[in-house]
Every structure is written in structure tokens, then in C-alpha cells.
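Below is one structure; the comments refer to it alone.
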Amino acid sequence: MIPHPERTLLFAALTQPADVVAWPARDLDLVLRVLRRERLLGRLAANLETAGLLGAMPAVAQAALASALVATRARARVARWELDRIAHALGDDPSLTVVAMKGCAYLLAGLPHAEGRQFADVDLLVPESRLGEVEARLRDNGWQTAELTPYDERYYREWTHELPPLTHAERDVEVDLHHNVQMRTSRLKPDAHLLLTASRPVPRVVPGFRLFGYSVLAPIDMTLHAMTHLFYGGEMDDALRELVDIDALVRHYAAHEPRFWEDFATRAVELDLARPAFYGLRYAQRLLGTPIPAAVTAAARAWGPPAPVVALMDRLVPHALFPPHPDRPRRVTSIARLALYIRSHWVRMPPLMLLRHLAYKFRARRS
């Protein structure tokens, strides 16, 4: 078990939510505060509601959990409406594949862990050849980008896998248009065409919203993308929530998707996402107890880095993913998150480019 008391409580709340009903007030207060900070309070609330235990919680805790559910459901409606407006702007074009990713994909696919999940923005994947056309249609319908420096504009347009974020003038929801799931400069070279062609159309399941025309990544691809985003994405602020997503995806698709585990290794290698899959499987299993077949674990060992790097990651990742005690924060958490932030850039940029980029970011933050 994880040695830090707050982590032990958090682990229990995430993996055995029914147990929190019997917790003493001090432990319950601590874990609710941490979950709120990590944007996971709605997730616990949804799990308790599903189990019919939300009403059994102490009154103050019940009110906080119910409030979190209301907030997450409101954000889900906002996400659906933004998707509706984007679909309207793009029109009914059967030749255009628009793939929703991350939170919006979980919502559209009706995955269980979408309930209670805090939504932040809308992430879409489109063919690179249609990227300019999609951006133009959105701009014509009121979406716009914030003013960027020439460096940031070039960074997005030439080096990354996405355009500068777009926000509608009347709504505060960020839309990120991607043409791949990794930067152009990354050591990983996933083929976006493979992702797009394997994507699955979303059925019209939400009355009142124009959500047809969207697709979501295939189950294995969706899981691999979640792993890649966590360990090759940069920021670690939502790291624990993303690990919880990975755990939920694995558990759901292993139970409901034929040949999920049989084809997992082959697909990870085919997409050049085996290294993030190694990390995703390793730490989901170690930190959240995610059930993974022994054969898959054995195959994943071949995808890992040298043993000294694995040992270092084993030290850094738990500190970075699990938040510190809110009243007794440890400096090691900030150090671990900074180290993994730098590492995520190291694996996505050539050394000289990385030095220039970090120097630019450092100067920008100080100015």
C-alpha cells in the first residue's frame, strides 16, 4: 500500500468508494478536500450515487458531493452544446471525419466514467489535409484565437500536433483542433491516418443536441491516447484524473470489447505508442490496482526504457500523480512534477529546440 496516509485514503476512495460511508469525519474531510482540488470529487459522487450510497453520507459531505455532481453535469451540458455548435458550423459533410477525444469522447461514447467527470475543453482530431478548412469554418462562425506572440504562433503551426486554441466569442469553452496525438517533433511517430480510419461513428443518442457526424477513437486507440497524453503531454496538473481515466477505460473495454487485450500489444506497436503504453499499464496497475493480464504485462516490459530510467520513473511518478497533503505539502511533489514536465518535453523535442523553448518559457513567465 502507498506509504503516505493521504494517498492511502485517496487510493481507497478511488478504488473502494463504498467504504467512505463509514470513515471518521477527519479522514472524510481530508479526502474530499483533496478530491476537489484534483477535480475528482464529482467522480466519487457519481460512484456513490450509482451504488445508492450518496444519501448515507454525513449531511455536510452529502451536500458537497451533490454540489459536485450538479457542477459536472452542468459542464457536460456545456460540452454537448459546444459540440452541437461546432457540428452546425461544419455542416453535414460526410467526407469529413471529426473525432472527439478525451472527455468529450467519453461523453459521446456513453462510457461510465464520463458521469461525474469534470470537463475542461473540447478536443477534436481531423485529417491534417482538412485542418485549414475546419479552422476557417469555425472562424467564420465566431470562434477565434487569443493574440499570440510570433514564437507561440510558429510553435503551434509548425511544431505541434494542434492549432492554437479557439474560443467562441459568446462562450468560454476552449476548442483544440488536432491533426495528430503527438507533436511533429516527437520521438513517437503515430500515424494519424490509422487513428482516423479506425474511429467509430457516434450514434444519435442525445435528444436536443446536434451530435451526429462525430466519431470517437477505437477502444484500444482511445486507451493508448489517454496513456500518451498523460506521459507525453506536458502538464501534470490533472495527472491523477488522467490515470483514473486510464483505469476506467481499461476496466470497461476489457469487459465489453472483444479482443481488447488480445490486440492491445499489436496496436500499441503499430501506432508507435508502445512506450507510453508501458508507462500507462505499469502505473495504473501499481497505483490504482488496474487488472491487467500477465501476458500483457510481460509483453509491455519489452517496451520500457532501460532499468535505471524505470527506477527513476518509479520514484517520480507516484509523487507527481498523487497530490500532497493539503495542510502539509511536500516539496518533493513539485520537484517530481517539474522533472516529468521537462522529461515530457525532452521526448517531444530535439535537444537544441528544447533548450530554446524552455528558455523562452522561463523568460515569458518572469516578464
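Residues in the range 148-164 include none that are loosely packed, with under 15 Cβ neighbours inside 10 Å, of a type in the set (K, R), farther than 30 Å from K189 by Cβ and modelled with pLDDT under 95. Tell me, please, whether a residue that is of a type in the set (G, A, S), free of Cβ contacts under 8 Å to residues at least 40 places away in the same chain, closer than 16 Å to T167 by Cα and not in a loop (DSSP other than H, G, I, E, B) can be found in the range 116-139. Yes, some residue in the range 116-139 is of a type in the set (G, A, S), free of Cβ contacts under 8 Å to residues at least 40 places away in the same chain, closer than 16 Å to T167 by Cα and not in a loop (DSSP other than H, G, I, E, B).
Kindly indicate whether any position in the range 262-271 is assigned to a loop (DSSP other than H, G, I, E, B) and touching a residue at least 60 places away in the same chain (Cβ under 8 Å). Step through it out loud before you land on a result.
First, pick out the residues of the range 262-271 that are assigned to a loop (DSSP other than H, G, I, E, B): 271.
Retained after the next criterion (residues that are touching a residue at least 60 places away in the same chain (Cβ under 8 Å)): 271.
Scanning the range 262-271 turns up at least one residue that is assigned to a loop (DSSP other than H, G, I, E, B) and touching a residue at least 60 places away in the same chain (Cβ under 8 Å).
Test H357 against the criterion of being in a helix (DSSP H, G or I), in contact (Cβ under 8 Å) with a residue 40 or more places away in the chain and surrounded by 13 or more Cβ atoms within 10 Å (Cβ to Cβ), and give yes or no. For H357, the condition - in a helix (DSSP H, G or I), in contact (Cβ under 8 Å) with a residue 40 or more places away in the chain and surrounded by 13 or more Cβ atoms within 10 Å (Cβ to Cβ) - is met. Would you point out which residue out of R241, R301, R286 is of a type in the set (K, R) and touching a residue at least 60 places away in the same chain (Cβ under 8 Å)? Result of the check over R241, R301, R286: R241. Among residues of the range 65-106 being among the hydroxyl-bearing types (S, T, Y) and under 20 Å from S199 (Cα atoms), the one that is farthest from the chain's Cα centre (by Cα) is S95. Might you let me know whether the range 82-95 holds any residue that is in contact with a His (Cβ under 8 Å, 6 or more places away or on another chain) and in contact (Cβ under 8 Å) with a residue 40 or more places away in the chain? Yes. Of everything in the range 317-354 that is surrounded by 12 or more Cβ atoms within 10 Å (Cβ to Cβ) and among the charged types (D, E, K, R), the residue that is nearest to R241 (Cα to Cα) is R337. The residues of the range 18-35 that are assigned to a helix (DSSP H, G or I) and more than 21 Å from P318 (Cβ to Cβ), listed by number, are A18, D19, V20, V21, A22, A25, R26, L28, D29, L32. When the range 53-93 is limited to residues that are among the β-branched types (V, I, T) and surrounded by fewer than 20 Cβ atoms within 10 Å (Cβ to Cβ), the one that is nearest to R33 (Cα to Cα) turns out to be V60.
Quick grid of which residues meet (1) in a loop (DSSP other than H, G, I, E, B); (2) more than 27 Å from R26 (Cα to Cα); (3) of a type in the set (A, V, I, L, M):
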residue: R275; (1), (2), (3): no, yes, no
residue: F278; (1), (2), (3): no, yes, no
residue: P291; (1), (2), (3): yes, yes, no
residue: W303; (1), (2), (3): yes, yes, no
residue: H319; (1), (2), (3): no, no, no
residue: P324; (1), (2), (3): yes, no, no
residue: S334; (1), (2), (3): no, no, no
residue: R337; (1), (2), (3): no, yes, no
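Reported count of residues in the range 31-64, each being farther than 23 Å from I246 by Cβ and either small (G, A, S) or touching a Leu at 6+ places or on another chain (Cβ under 6 Å) (or both), is 8.
Do we have R36 as touching a Phe, Trp or Tyr at 6+ places or on another chain (Cβ under 7 Å), surrounded by fewer than 21 Cβ atoms within 10 Å (Cβ to Cβ), closer than 25 Å to D237 by Cβ and not hydroxyl-bearing (S, T, Y) here?
Working: touching a Phe, Trp or Tyr at 6+ places or on another chain (Cβ under 7 Å): no; surrounded by fewer than 21 Cβ atoms within 10 Å (Cβ to Cβ): yes; closer than 25 Å to D237 by Cβ: yes; not hydroxyl-bearing (S, T, Y): yes.
For R36, the condition - touching a Phe, Trp or Tyr at 6+ places or on another chain (Cβ under 7 Å), surrounded by fewer than 21 Cβ atoms within 10 Å (Cβ to Cβ), closer than 25 Å to D237 by Cβ and not hydroxyl-bearing (S, T, Y) - is not met.
For A100, state whether it is in a strand (DSSP E or B) and aliphatic (A, V, I, L, M). For A100, the condition - in a strand (DSSP E or B) and aliphatic (A, V, I, L, M) - is met.
Residue-level check: of (1) in a loop (DSSP other than H, G, I, E, B); (2) within 30 Å of L48 (Cα to Cα), P164 misses just (2).
Working only within the range 268-326, note down all residues that are aromatic (F, W, Y) and either out of contact with any helix residue (DSSP H, G or I) (no Cβ under 8 Å at 6 or more places or on another chain) or within 30 Å of L196 (Cβ to Cβ) (or both). Steps first, please.
Step one: of the range 268-326, the residues aromatic (F, W, Y) are 278-279, 283, 303, 322.
Of everything in the range 268-326, those that are aromatic (F, W, Y) and either out of contact with any helix residue (DSSP H, G or I) (no Cβ under 8 Å at 6 or more places or on another chain) or within 30 Å of L196 (Cβ to Cβ) (or both) turn out to be F278, Y279, Y283, W303.
The values are calculated or read from the model by the stated rules, or taken from the named source; none is laboratory data. Predicted, not measured: the structure shown is a model, and the values here were computed from it. Heads up, the Cβs are rebuilt from the backbone with ideal geometry, glycines too, and the neighbour counts pull from every protein chain shown.
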